1. Report yes if some residue within the range 45-52 is in contact with a Ser or Thr (Cβ under 9 Å, 6 or more places away or on another chain) and either modelled with pLDDT of 85 or more or open to solvent by 10 Å² or more (accessible area, probe 1.4 Å) (or both); otherwise report no.
2. Can you name the residue in the range 127-166 that is out of contact with any Asp or Glu (no Cβ under 9 Å at 6 or more places or on another chain) and charged (D, E, K, R) and, of all such residues, is nearest to THR93 (Cα to Cα)?
3. Determine whether the range 126-136 contains at least one residue that is modelled with pLDDT under 85, open to solvent by 10 Å² or more (accessible area, probe 1.4 Å), assigned to a helix (DSSP H, G or I) and not aromatic (Phe, Trp, Tyr).
4. Could you tell me whether VAL74 is of a type in the set (Val, Ile, Thr) and within 25 Å of ALA137 (Cβ to Cβ)?
5. Being open to solvent by 10 Å² or more (accessible area, probe 1.4 Å) and either among the hydrophobic types (A, V, I, L, M, F, W, C) or more than 23 Å from the chain's Cα centre (by Cα) (or both) is the filter here, so list the residues in the range 33-44 that pass it.
6. Do we have any residue at all in the range 12-23 that's open to solvent by less than 70 Å² (accessible area, probe 1.4 Å), within 14 Å of ASP105 (Cα to Cα) and touching a Phe, Trp or Tyr at 6+ places or on another chain (Cβ under 8 Å)?
7. When the range 53-62 is examined, which residues are found to be surrounded by 21 or more Cβ atoms within 10 Å (Cβ to Cβ) and of a type in the set (Ser, Thr, Tyr)?
8. For the list (1) over 12 Å from the mean Cα position of the chain (by Cα); (2) open to solvent by 40 Å² or more (accessible area, probe 1.4 Å); (3) not polar (S, T, N, Q), I need the number of the one condition that LEU91 fails.
Amino acid sequence: MTQQVGTPRRRDALSNRAAILRAAADAFSSRGRSVDVREIARCAGVGMGTLYRHFPSKDALVETLLAESYTHWVEAARCSARTRANAWEALATFVSEALTYQRRDRALLENLAATTDAAGLSGCRKYVRPLVVELVAAAHAEGSLRKGVTPDDVLGLLAALGRLVELDLPAETVSRCLDIALTGLRHGPALGA
């Protein structure tokens, strides 16, 4: 008997899809997009046909995982921003926590760092940019963000800092660069703008 359109997926199909996503998330997070899909299928305990029924290409699998990663990151960042004392602290914390997300998720890091290609830009624009627009507007309204700083400047900063993470530089070096970048973004008497 064939499954009719609109009927719920079989339990084993849902279970297989979830296993593929878990295996792919583990592999891509630790080693990036270079992981072979055969290894993902093996780790998920499914055959290649099952993997390709759910995800017709490696790119489709990566896009699904990136969408989940971006969505989780943005939701966590929104929650974090609401707990901050002011708009500057919310923006600075977001930029700092972005490095933590990039360090934990190699596929996300590669996508953010590749903002020069269409895939990188679409991920940032679709998921991250709306939150950055809000954070930048709030910091400007508060007067804590240097005049003229745009959401695209902040996204560019995230990509640049992501490159430092991608190079596996020591955490102290990345932290120092983050402090320098945030100091440059902040409006204050010593900065004059």
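1. Of the range 45-52, the ones in contact with a Ser or Thr (Cβ under 9 Å, 6 or more places away or on another chain) are none.
No: the range 45-52 contains no residue that is in contact with a Ser or Thr (Cβ under 9 Å, 6 or more places away or on another chain) and either modelled with pLDDT of 85 or more or open to solvent by 10 Å² or more (accessible area, probe 1.4 Å) (or both).
2. Taking the candidates together, the pick is GLU134.
3. Yes, the range 126-136 has at least one match.
4. Values: of a type in the set (Val, Ile, Thr): yes; within 25 Å of ALA137 (Cβ to Cβ): yes.
It is true that VAL74 is of a type in the set (Val, Ile, Thr) and within 25 Å of ALA137 (Cβ to Cβ).
5. First, pick out the residues of the range 33-44 that are open to solvent by 10 Å² or more (accessible area, probe 1.4 Å): 33-34, 36-39, 42-44.
Once the filter is applied, which keeps residues that are open to solvent by 10 Å² or more (accessible area, probe 1.4 Å) and either among the hydrophobic types (A, V, I, L, M, F, W, C) or more than 23 Å from the chain's Cα centre (by Cα) (or both), the range 33-44 yields VAL37, ARG38, GLU39, ARG42, CYS43, ALA44.
6. no
7. Across the range 53-62, there are no qualifying residues.
8. (2)
The values are calculated or read from the model by the stated rules, or taken from the named source; none is laboratory data. Values in this document were obtained by computation on a predicted structure and should not be read as measured data. Glycine also receives a Cβ, built like all others from the backbone with ideal geometry; neighbour counts cover every protein chain displayed. The accessibility values were calculated without ligands, DNA or RNA, using every heavy atom of the protein model including side chains. Shrake-Rupley method; radii C 1.70, N 1.55, O 1.52, S 1.80 Å.
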